[in-house]
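The values are calculated or read from the model by the stated rules, or taken from the named source; none is laboratory data. Every value quoted in this text rests on a predicted model; they were computed, and no experiment measured them. When we count neighbours, we look across all protein chains shown, and the Cβ atoms used for this are built from the backbone with ideal geometry, even at glycine. These accessible areas exclude ligands, DNA and RNA; they are computed on the full protein's heavy atoms, side chains included. Shrake-Rupley method; radii C 1.70, N 1.55, O 1.52, S 1.80 Å.
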Amino acid sequence: EDLDQGLEKTKKNFFGKIASSIAGKSKVDDEVLDDLEEILVSSDVSVETTLKIIDRIEERVARDKYVSTKELNGILKEEITALLEESNNEDAVDFEIPKVENGPFVLMVVGVNGVGKTTTIGKLAHQFKKKGLKVVLGASDTFRAAAVDQLKIWAERVDVPIVQQGMGADPASVAFDTLQSAKAQGADVVIVDTAGRLHNKINLMNELTKIKNVMKKVVPDAPHDVMLVLDGSTGQNAIEQAKQFTKATEVTSMALTKLDGTAKGGVVIGICDQFKIPVKYIGVGEGIEHLQVFNKTEFVDSLFK
Ligand code: GDP
């Protein structure tokens, strides 16, 4: 329901434009396909992914000789679904955490400031806690005082312990403390917030590598998941950030925030297709419950409902 509402603007933008493009036309021709290409790109699906979708539809039109414009939405839905299926990203199951041998499960969260990293961590902590898991947060984003404060507010709201050393502390040292404390408390899951300054790729890479290495001293297989948080409402910027982060470190999952109220929801399709990294969660509002497990089929259904 939140998702349907959230995608309202994307849908309006997308299907409104398609509707006016095919108005008065009965056949899908080159002109319609050119329009569709433009519409997909302007919905932030990304050029690369748009071209794949258009190619597939062109093949179909060539094969079937005559495709009615009435079928266009249905065909588009089928091709987007197929493309997402091929991206082969397993959907997350509920808010489940895989069992790990030498726990706790360590989730390291990366992303630039302002994308909704702290909020996503808070919402996730809430969901994990609801499942009866023992959660500990680590404030390794020590670059900004506000980041530590914000995370602390979420820790209080969700009522989970937080490990912090304050602004300017060594992020790796905070991560070390967090994992040690979590282990001592018998925690199930640790969520470590890190600073994602993109000013310098080498610095970012070094900082994230250092944090990962220090984590391994406490939990040998940590981090079990490196989740990149991206702001879906920034469209192509989100894709750009994903490119930079995936170059700097091994990203194993993604969360896309602020899909409520944006017309750029198409970015989800481009991100799934281009990075082949599972999008696990989507943010659909500022509230504590406004985080959903991402499901490709549900997403496309919602988009085409
Ligand atoms: P951080 O700097 O990346 O940690 O970002 P914050 O978590 O502090 O979030 C920045 C702003 O985005 C805050 O005002 C959040 O309430 C807001 N925000 C985060 N996620 C969502 C979302 O899914 N939807 C909406 N509408 N706002 C969000």
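A quick yes/no check of all residues on (1) on the phi < 0 side of the Ramachandran plot; (2) in a loop (DSSP other than H, G, I, E, B); (3) open to solvent by less than 10 Å² (accessible area, probe 1.4 Å):
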| site | (1), (2), (3) |
| --- | --- |
| 101 | yes, yes, no |
| 106 | yes, no, yes |
| 118 | yes, no, no |
| 122 | yes, no, yes |
| 128 | yes, no, yes |
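Looking at the structure I just gave you, is residue 112 under 23 Å from the mean Cα position of the chain (by Cα), assigned to a loop (DSSP other than H, G, I, E, B), within 11 Å of the ligand (Cβ to nearest atom) and at pLDDT below 95? Here the answer is yes, as residue 112 does meet what is asked.
Report whether or not residue 297 is open to solvent by less than 30 Å² (accessible area, probe 1.4 Å) and not hydrophobic (A, V, I, L, M, F, W, C). Criteria not met by residue 297. Check region 205-225 and report whether any residue there is open to solvent by less than 10 Å² (accessible area, probe 1.4 Å), in contact (Cβ under 8 Å) with a residue 24 or more places away in the chain, out of contact with any Gly (no Cβ under 7 Å at 6 or more places or on another chain) and within 13 Å of the ligand (Cβ to nearest atom). No, region 205-225 contains no residue that is open to solvent by less than 10 Å² (accessible area, probe 1.4 Å), in contact (Cβ under 8 Å) with a residue 24 or more places away in the chain, out of contact with any Gly (no Cβ under 7 Å at 6 or more places or on another chain) and within 13 Å of the ligand (Cβ to nearest atom).
Would you check which residues across region 143-167 are away from the ligand (no atom under 14 Å from the Cβ) and part of a helix (DSSP H, G or I) and list them? Selection gives 156 alone. Checking 140, 181 one by one, the residue that is more than 16 Å from the ligand (Cβ to nearest atom) and closer than 17 Å to residue 223 by Cα is 181 and no other.
Condition test on residue 188, is it open to solvent by 10 Å² or more (accessible area, probe 1.4 Å), touching a Lys or Arg at 6+ places or on another chain (Cβ under 6 Å) and touching a residue at least 24 places away in the same chain (Cβ under 8 Å)? Yes; evaluated as a whole, the condition is true for this residue. Could we say that residue 159 is at positive phi, surrounded by fewer than 19 Cβ atoms within 10 Å (Cβ to Cβ) and of a type in the set (D, E, K, R) here? Here the answer is yes, as residue 159 does meet what is asked. Residues that are among the β-branched types (Val, Ile, Thr), open to solvent by 10 Å² or more (accessible area, probe 1.4 Å) and more than 13 Å from the ligand (Cβ to nearest atom) within region 227-273 comprise 246, 249, 251, 252, listed in sequence order.
Per the conditions (1) in contact (Cβ under 8 Å) with a residue 24 or more places away in the chain; (2) open to solvent by less than 40 Å² (accessible area, probe 1.4 Å); (3) under 25 Å from the mean Cα position of the chain (by Cα), the sole criterion not satisfied by residue 181 is (3). Looking at region 231-238, is at least one residue in contact (Cβ under 8 Å) with a residue 24 or more places away in the chain and within 17 Å of residue 105 (Cα to Cα)? Looking for residues that are in contact (Cβ under 8 Å) with a residue 24 or more places away in the chain and within 17 Å of residue 105 (Cα to Cα), one finds none in region 231-238, hence no. Annotation: residue 174 fulfils all but one of (1) over 15 Å from residue 118 (Cα atoms); (2) open to solvent by less than 10 Å² (accessible area, probe 1.4 Å); (3) at pLDDT below 95; the unmet one is (3). Checked against the criteria, residue 73 does not count as in contact with a Pro (Cβ under 8 Å, 6 or more places away or on another chain) and either in a loop (DSSP other than H, G, I, E, B) or under 29 Å from residue 52 (Cα atoms) (or both). I'd like to know if region 181-192 contains one or more residues that are among the polar types (S, T, N, Q) and closer than 26 Å to residue 159 by Cα. Yes, there is a match, as at least one residue in region 181-192 is among the polar types (S, T, N, Q) and closer than 26 Å to residue 159 by Cα. Annotation: of all residues in region 52-103 being in contact with a strand residue (DSSP E or B) (Cβ under 9 Å, 6 or more places away or on another chain) and among the polar types (S, T, N, Q), the one that is nearest to residue 132 (Cα to Cα) is 89. Across region 62-74, the number of residues qualifying as surrounded by fewer than 18 Cβ atoms within 10 Å (Cβ to Cβ) and either touching a residue at least 24 places away in the same chain (Cβ under 8 Å) or under 20 Å from residue 305 (Cα atoms) (or both) comes to 6. Residue under question is residue 282, and the condition is that it be more than 14 Å from the ligand (Cβ to nearest atom) and at pLDDT 90 or above; does it hold? No; evaluated as a whole, the condition is false for this residue.
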